[in-house]
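First comes the structure, then the notes that go with it.
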Amino acid sequence: MNDTVILFHGIARTKKSMQRLAVFLSGNGYRVVNVGCPSTRFSISDLVDIVRPQIDAAAKEAGDGRVHFVGYSMGGLIIRAFLRNDRPPNLGRVVMVGTPNNGSEIADFLKAWPLYRKFYGPAGQQLITDQTAMTELFGTVDYELGIIAGNRTIDPVSSLIIGLRVANDGKVSVESTRLDGAAAHIVIAANHTFLPVNKTMWKQALSFLQDGRFMD
């Protein structure tokens, strides 16, 4: 196999958070490019401009192999924004993990708080559930997309904000991860914070990259 997988971390994380997944995918025959970006300092569109050279270089080095994308949390939004206008000619499959495609109620609740604004920066303001201003940024899904959501929470306060009867991973509701045009969607027993190191997530992501579907 000479396929490449490009990984994107979530907001306020670094590429170290995706390293164990990178090792797992490498062990299954993929060439892995683990992308890092200053996620709390810029808007999503600016972050796309920042990571574009890394994506272009990875696509060029892939040769005739396919280029897949895996994004955790806001990393999935960066992928959506990138693929809106640019894509490798050899684009493969896309996996989003715990991505707030329809925003997060937590961001709604905290967006005006000075500490939240300072810590999460411009991109943090774009994670709200009112996504009308983001339509042009993301476009529509016309690529092979699989979505993995978690439904375990360890934060009662966050769960209260999202809704006690609403399935969520402590940060993002299962419903918010859904996206029109996705080829597959699966819910696993995982918490948002620990999704990048969840071995069930690894196996499901690998299944979709290999076969275009999740395991039963």
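The values are calculated or read from the model by the stated rules, or taken from the named source; none is laboratory data. Just so we're clear, the structure is a prediction, and the values are computed from it rather than from any experiment. Using ideal geometry, Cβ is built from the backbone for each residue, glycine included, and neighbour counts are taken over all protein chains shown. For the accessible areas, the whole protein counts, side chains as well, though only heavy atoms, and no ligand, DNA or RNA atoms are used. Shrake-Rupley method; radii C 1.70, N 1.55, O 1.52, S 1.80 Å.
Full extension of the chain between Phe109 and Ala183 gives 23.5 nm of extra length, using 0.36 nm per residue less the Cα-Cα distance.
Could you state the per residue volume, in Å³, of the convex hull enclosing the Cα atoms of the chain?
So the per-residue hull volume is 108 Å³.
Along the stretch 13-28 the Karplus relation, 6.51 cos²θ - 1.76 cosθ + 1.60 evaluated at θ = phi - 60°, assigns HN-Hα couplings of 10, 10, 5, 4, 5, 9, 5, 5, 5, 4, 5, 4, 5, 4, x, 9 Hz to successive residues, with x for each Gly and Pro. Measuring nothing but protein heavy atoms, the accessible surface of the chain at 1.4 Å probe radius is 53 percent carbon and sulfur. Over all other residues within a Cβ to Cβ distance under 12 Å of Ala167, the charged ones net out to +1, with Lys and Arg as +1 and Asp and Glu as -1. With helices as the sole contributors, the chain gives -11000 deg cm²/dmol at 222 nm; each DSSP H run of n ≥ 4 counts as -39500 (n - 2.57), and the sum is divided by every residue.
Report the gain in length on full extension from Asn85 to Arg117: 0.36 nm times residue separation, minus Cα-Cα distance, nm rounded to one decimal.
Fully extending the segment from Asn85 to Arg117 adds 8.7 nm.
For a Förster distance of 30 Å, can you work out the FRET efficiency between the beta-carbons of Ile154 and Asp211, rounded to the nearest 0.05? It comes to 0.40. Amide H contacts for Ser73 (H built 1.01 Å from N in the peptide plane; partners 5 or more residues away or on another chain; cut-off under 5 Å): Val97, Gly98, Thr99. Taking every protein chain into account, the accessible area of the chain amounts to 46 square angstrom per residue (probe 1.4 Å). Looking at the stretch 81-150, none of the GluC sites (Glu not before Pro) sits in a DSSP loop with at most 12 other Cβ atoms within 10 Å of its own Cβ.
Spin-label model, Asp49/Gln19: points 7 Å from Cα along the beta carbon direction are separated by 3.1 nm.
Less than 11 Å from a label point 7 Å out along the Cα-to-Cβ axis of Ala167: which backbone N atoms in the stretch 95-130 qualify, by residue? No residue qualifies, since no backbone N sits under 11 Å from the label point. DSSP assigns beta bridges within the stretch 4-211; of those with both partners inside it, close to 5 percent run antiparallel.
Only Cα pairs under 8 Å and at least 6 apart count here; give the relative contact order of the stretch 4-211 as a rounded whole percent.
21 percent
Relative to the longest principal Cα axis of the chain, at what angle does helix 74-85 sit, 0 to 90 degrees, rounded to 10? The helix 74-85 is inclined about 60 degrees to the chain.
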